[in-house]
Amino acid sequence: MAIQVKVLERPIRQTSYVRAMLKGMAITFKHLTNPHKVTWQYPEQKWDLSPRWRGTHRMLTDENGKAKCVACGLCPQICPANCIKLVPGEDEEGNRYPLVYEIDEFRCIFCGYCQEVCPEEAIHVGRHYENSEYSRAGFVYDLERLMAQTHPVCEMWDPADPRGE
Amino acid sequence: MVPEALFFSAILFVIGVVGVLTRRNAIIIFMCVELMLNAVNLSFIGFSRLYGASGQVFVIFVMSVAAAEAAVGLAIIIAIFRHHETVDLKNINLLKGWCSNCPWPNRVECIRLPAPSPSWCGCCRYCR
Amino acid sequence: MNTYAALMLFQHAYDPQAPVHGAPWLWFSIIKILVVFTVLMVTIAYLTLAERKISAWIQDRHGPNRVGPRGLAQPLADGLKNIMKEETYPSAAYSPLFILAPVMSFIPALITFAVIPFAAPLPTPWGLVDMSIADLPVGFLYILAIASLGVYGIVLAGWSSNNKYALLGGLRSSAQMVSYEVSMGLAVVAVLLLSGNVSLSSIVASQVATGWYFFPLLIGFFLFLVAAFAETNRLPFDLPEAESELIAGYHTEYSSMKFSMFFIAEYSNMTTASARLTTLFFGGWAVPFWTTVDTAPWHWWKTVITLVCFMIKTGFFLFLYMWIRWTLPRFRYDQLMSVGWKVMLPIALCYLVVMAGAILALDAAGVAPSARFGDFVPTYWAILGVLNIVLAVLVFVVLDRGRLVSPASARVGPSELAELRAMATRGPAPAQGD
Amino acid sequence: MPNGFVYEFLFYLFGLTAIVSAAIFVTRRNAVAAALWLVNTMFCLAALYIMMDAQFVGAIQVLVYAGAIMVVFLFVVMLLNLGLPPSVADIKSKGARIIALVAGLAMLAELLVLARQKLPAELPWLPRETSVTTPITEPLFRTYLLPFEITSVLLLVAIVGAVVLAKRRS
C-alpha cells in the first residue's frame, strides 16, 4: 500500500483561534435557541415500524380460538437457529395439533423463514420490539403466550407486488 | 502575645533542626529547611508587633528567597535522582569517589579507594 | 419591663446605617454562612441540571425531562442515587489520603465564596449588615490563596488512588493550575491598580463610582477569563480528566458520594469563578445605569434588587462556561502549556506594564479618576477603554495567527516541510514488496 | 478586642497545632503525608500572622507556601514516585539520635533564653479603615528598595538555574 502525503496550505486568515472560536460559539448558540429538537420521546412517541419489521412471534388462531398450527413440522425443520420446539399430537378426529410449541426468542434470529414456510399461515413474526423480562426463562414463549400476543404481524412481502419488483 | 509567638517559633525551629539532623530523605530534609524558614518568619511577625512593619517586609523577602531555593533545590534533587535513582542522602556522596567494582557506566572515572570492604562503597545503587 | 420594651431599647441603641457590631454581628455572620451555604448547594445541584439541559439544547436534544415537571427533580434523583451507591475502596490505595482528597477539593471550592460581596448592605435595627460573609481587608489575596489550594485535592486523589491514569491526571492538573495561577494573578493586578485597594467591597464601590472595569481592562478581563477556565479544569482545559486519554483522570477510582464531592467541587469552583469575574470586572452587585440603587442610604429593596442583579451576572458567566464547554474541543497538553507560559504570561506582563504606564500618565496629566466627559462618561474609563480596544486588536488580529494555539505542524521545521512537499509532489511511492 | 479570651484561646490553639503537626511531619516516612502535615503547620502559621495584625503576610503565606512551594514539592514527589515508605532508611543509630536530640535541646534552650529578653510594649493595632497593604509598601518600596530589586534578580537567576538543572540533556 503506497503512502500518499498531502501538505495542506492554510491561508493565514483561517489560523486565528479566537475568530474560529467565536464562529463556533455562534453555531452552538443557533442550535441552542433552535426549537426543533430531534429526540424521540420514546414511551409516548413510538417509532413507526416498517411493514416488513420482523419481531417476536405470534401464533394466529382460527374462529374457534384454537391455534391454526397443524404441527406439520416445517418450521422447526427450516429454522436456522433451531429455536422452535414442536411436539405434534392428534385428536380423535385425526386432526393434528401441537402438543408443545415453544420458541426460544433469545436463540431466534428473526429471519422469518418460519412464517414463510408455514402452509397454514399460523406462525408469524410480528411488528413488535418492546419485550423485556426479568429472567432468561421468560423469553421461551409457549403456545399460549404465542396465541395471546396481539401485535400486528409482519408482511413478508407486499401482496400487490409479491416478487419485490 | 509576642513572647508566645517567639516560643512557638523557637520550638518549630528546633523541630526543623532535628529533622535535618535525623532524616535521610533529601526531599524531607528540604521541607525541614522550609519549616525553619517559617519559624523565623513567625518571629519576624512577632517582632513587627513591637518595632513596626519592617518585620513583615523581611518576611516577604524570606518567602521569595524560599521560593527561589525550592525551585533550585528541587531541580538539583531531580538531577541527582536522574543520575542515581535515589534521594537517599546515604547514596549521594560523590565527593567520596567511586569504587573499583562499581558497575555504573561511568566506572572509568572512578577513583580506586582503599576501602575496608572492596565490594562496598555506597556510590550507587549497585553497591549500596 | 416587658419584651417589647426591651426590644425597643435595643433598637434605639443602634444606628441602622452604621456597621453592625458586637453580639448581633456574630448572629448575622452565622445566619449568612447558613444561607449562603444552602443557596450555593442548591445552585450547584441545579447547575448539573442546567449543564445537561444546555448540552442537550446545543445538540438539538431535549435533555432530562422525566423526573418531576420538565426534569426539575433530576438533581434530587441524582443525589439520592449517589448516596445509595456502594463506595469502593481500591485495595492498593493509600486510604487516609484517598478519603481526605475529596474533602480537600470540596472545602476550598466552597470557602472562596466567603469574601464575595453579593448584594448592597442591608440595614437592620441592629445596624448595617454587609452582604458578604466576611469582608476581609485582604479579600482579593484571600481568593487567590484559596484558589491555589484547590490543586491539593486533585493531586492527592491522583496520587493516593495508586492508579497510573489517576496519577497522570493529578500531575497534569498540578502543573496546569500552577501555570495558570501566575497569569491569573498578574491579570488582576490591573484591577488593583485602578481601584487602589485589595478589599473586594471597595473594588465594587470604586466600580460604582468610575464605571465597570471590563471595558477599561478588556484584555485583563480576557486573560482572567481564560485563566479561570483553566483553574476550574473546564473545557477546553479539562486535561486532568480527559476521558479519552486518562479514563477519568484523578477521579477514576472514586465512586458514589466521594465522586459526587469532586463533582460538587467542580461546580462550586465554577460558581465562585463566575462570582469573581462579576465582582472584579462587572461591578459586582451594582445595577447598571441606576446609581440610586448602588449608593447609600441603604434600604432593604436596594439589597434585593442588587442581589438579583448579582445573580443574573453570575448566571451569565455560568452559562458562558457551559456554552464554551459544548463548543470547543480539548487542547493538547503541549498546547495548554505553551498557551499558559508563552502566550498568557508574556501578554499579562506586558499588559501590566502598559496599564501601569497609562494610569501613571493619566495621573501626571492631572485627570482625576472621578472626572467625566460631558455628563456621564467617566474620562478614565473611556481613555483606558479605547487603549484596551487598540491592544485587543493588536493581540487578536496581529498575534493570533496560528501562534496562540499552534497546530502540530507548526513544530515542523522549514526543511522538513520542504521535504514533505517534495514527497507530496512526487506522487505515490512505488509499492513495497510484491 | 485583641485581648479577649477567645483571642488567646485561638492563638494557643493555632500555635500548638502548628507545633504538633510539625512534630508529626518530621516523623512521617511517607513523603506525601509529611508534606501535608507541613502544609497544616503553614496554615496555622498563617492564622497566627493574621492574629498578629499581619493580614497581608498571612494571605501571602498561604498563597506562596501552601499554594505554590508545597505543591511543587508534592509534584516532585509524585514525579519521582517517592511517595511510598520503604525507599529511604533514616538515621537509625542511637548515638546519632542522641546527638541530634542534645543539639536540638541546646538550641531550644538558647533560643528560649534569648526570647526571655525584656521586650518593649506592643504597638497599637491598625485602625480597621486603613488599607492593610499601606504599612508594608512604604518600607518595601522606599527603605528596602535595593534589597527588593536584588530579590527580583535572585528569582530570575533561580528560574534560569532551575531550568538548566532540570533540563534533560539529549
In degrees, nearest 10, the alpha-carbon axis of helix A:17-33 is tilted away from the dominant principal axis of the alpha carbons of chain A by 40 degrees
Over all directions, what mean area does the Cα convex hull of chain D project, stated in square nanometres?
-> 14.8 nm²
Looking at the stretch B:5-22, which residues lose a minimum of 50 Å² of accessible area between their chain alone and all protein chains in place, measuring with a 1.4 Å probe and not counting ligands or nucleic acids?
-> B:F8, B:L12, B:V14, B:I15, B:L21, B:T22
Can you give the helix-only mean residue ellipticity at 222 nm for chain D, where every DSSP H stretch with n ≥ 4 adds -39500 (n - 2.57) and the sum goes over all residues, rounded to the nearest 500 deg cm²/dmol?
-> -21000 deg cm²/dmol
Place a label point 7 angstrom from the Cα of D:F5 along the Cα-to-Cβ direction, then list the residues of the stretch B:1-29 whose backbone nitrogen is under 16 Å away.
-> none
Could you tell me which of the pairs A:K30/C:K313; A:K30/C:K53; C:K85/C:K164 are separated by over 18 angstrom between their Cα atoms in the structure shown?
-> A:K30/C:K313; C:K85/C:K164
Taking the highest mean first, how do the peptides B:3-15, B:69-81 order by number of other beta carbon atoms within 10 angstrom per residue?
-> B:3-15, B:69-81
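Given an 8 Å cut-off on Cα distances and at least 6 residues of separation, report the relative contact order of chain C as a percent.
Relative contact order, chain C: 19 percent.
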Give me the accessible area per residue for chain C, probe 1.4 Å, as a whole number in Å².
-> 45 Å²
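Over all directions, how big on average is the projection of the convex hull of the alpha-carbon atoms in the stretch D:130-170, in square nanometres? Write down the numbers at each step before the final one.
Values: hull surface 15.2 nm².
Reported value for the Cα convex hull: 3.8 nm².
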So how compact is chain C: Cα radius of gyration and Dmax in angstrom?
-> 25.3, 111
When Rg is the radius of gyration of the Cα atoms in the stretch D:1-76 and Rh is its Kirkwood radius, what does Rg/Rh come to?
-> 1.04
Run the numbers on the stretch C:57-72: which residues show a drop of 20 Å² or more in accessible area, chain on its own versus all protein chains together, using a 1.4 Å probe over heavy atoms?
-> C:W57, C:I58, C:D60, C:R61, C:H62, C:R66
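Determine, for each peptide in A:143-151, C:416-424, B:24-32, C:318-326, the mean count of other beta carbons within 10 angstrom over its residues, then list the peptides with the highest first. Each step should come with its number before you reach the end.
On the way: A:143-151: 15.7, C:416-424: 12.8, B:24-32: 23.3, C:318-326: 18.7.
Highest-to-lowest ranking by the protection proxy: B:24-32, C:318-326, A:143-151, C:416-424.
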Can you pull the one-decimal nm distance between simple spin-label points at A:A81 and A:K37, each 7 Å off the Cα toward Cβ?
-> 3.5 nm
Computed Rg/Rh for chain A (Cα atoms; Rh = Kirkwood radius) stands at 1.30
Whole-Å distance, taken between Cα centres, linking the stretch C:231-270 and the stretch D:1-65 | 30 Å
Per residue, what volume in Å³ does the convex hull of the Cα atoms of the stretch B:2-84 enclose?
-> 58 Å³
What is the distance, in nm, between label points placed 7 Å from the Cα along the Cα-to-Cβ direction at D:L79 and at C:S415?
-> 3.1 nm
Round to the nearest 10 and report in Å² the accessible area of C:W57, as given by a 1.4 Å probe over the protein chains' heavy atoms.
-> 100 Å²
With all protein chains present, chain D has a carbon and sulfur share of its accessible area (1.4 Å probe) in percent of 72 percent
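Tell me the total accessible area that D and B bury against each other, 1.4 angstrom probe, in square angstrom rounded to 100. Mind showing how you got there, number by number?
Working: alone 14000 and 8650 Å², together 16020 Å².
Using a 1.4 Å probe, the pair buries roughly 6600 Å².
Shielding of D:6-16 by partners, i.e. mean partner chain Cβ atoms within 10 Å per residue?
Other-chain Cβ atoms within 10 Å of each residue's Cβ, averaged: 2.
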Would you mind getting the accessible area per residue of chain D, heavy atoms of the protein chains only, 1.4 Å probe, in Å²?
-> 57 Å²
For helix C:256-281, report the angle its Cα long axis makes with the longest principal axis of the Cα atoms of chain C; keep it between 0 and 90° and round to the nearest 10°.
-> 70 degrees
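Quick one: pull the percent of accessible area on chain C belonging to carbon and sulfur, 1.4 Å probe, ligands and nucleic acids left out. Show your work: numbers first, answer last.
Numbers: 14210 of 19700 Å².
Taking all protein chains in place, chain C shows 72 percent carbon and sulfur surface.
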Contour minus Cα-Cα distance for C:F289 and C:L399 (0.36 nm per residue) | 36.1 nm
To the nearest 10 degrees, how steep is helix C:95-111 against the longest Cα principal axis of chain C, on a 0 to 90 scale?
-> 50 degrees
Heavy-atom accessible area, 1.4 Å probe, ligands and nucleic acids excluded: residues of the stretch C:313-344 down by at least 50 Å² from chain alone | C:W323, C:T327, C:L328
What's log10 of I(q)/I(0) for the stretch A:57-148 at q = 0.19 Å⁻¹, Debye sum over Cα points only, no solvent?
-> -0.87
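Need one number: buried accessible surface between chains C and A, 1.4 Å probe, both sides summed, DNA, RNA and ligands left out, in Å² to 100.
Working: alone 22100 and 12860 Å², together 32270 Å².
The contact between A and C buries close to 2700 Å².
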For the pair C:V67 and B:L89, the simple spin-label estimate (label points 7 Å beyond Cα toward Cβ) gives in nm 5.6 nm
Chain D: DSSP helices with Cα axial extent of at least 27 Å and average Kyte-Doolittle hydropathy no lower than 1.6 = D:5-27, D:31-51, D:94-115, D:145-166
Rank C:P125, C:P69, C:P414 by mean-square fluctuation in a GNM of chain C with C-alpha springs under 10 angstrom and give only the top-ranked residue.
-> C:P414
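The values are calculated or read from the model by the stated rules, or taken from the named source; none is laboratory data. Being a predicted model, the structure only gives us computed values, none of them experimental. All Cβ positions, glycine included, derive from the backbone under ideal geometry; neighbour counts span all protein chains shown. Areas reflect the complete protein model, heavy atoms only, side chains present, ligands, DNA and RNA absent. Shrake-Rupley method; radii C 1.70, N 1.55, O 1.52, S 1.80 Å.
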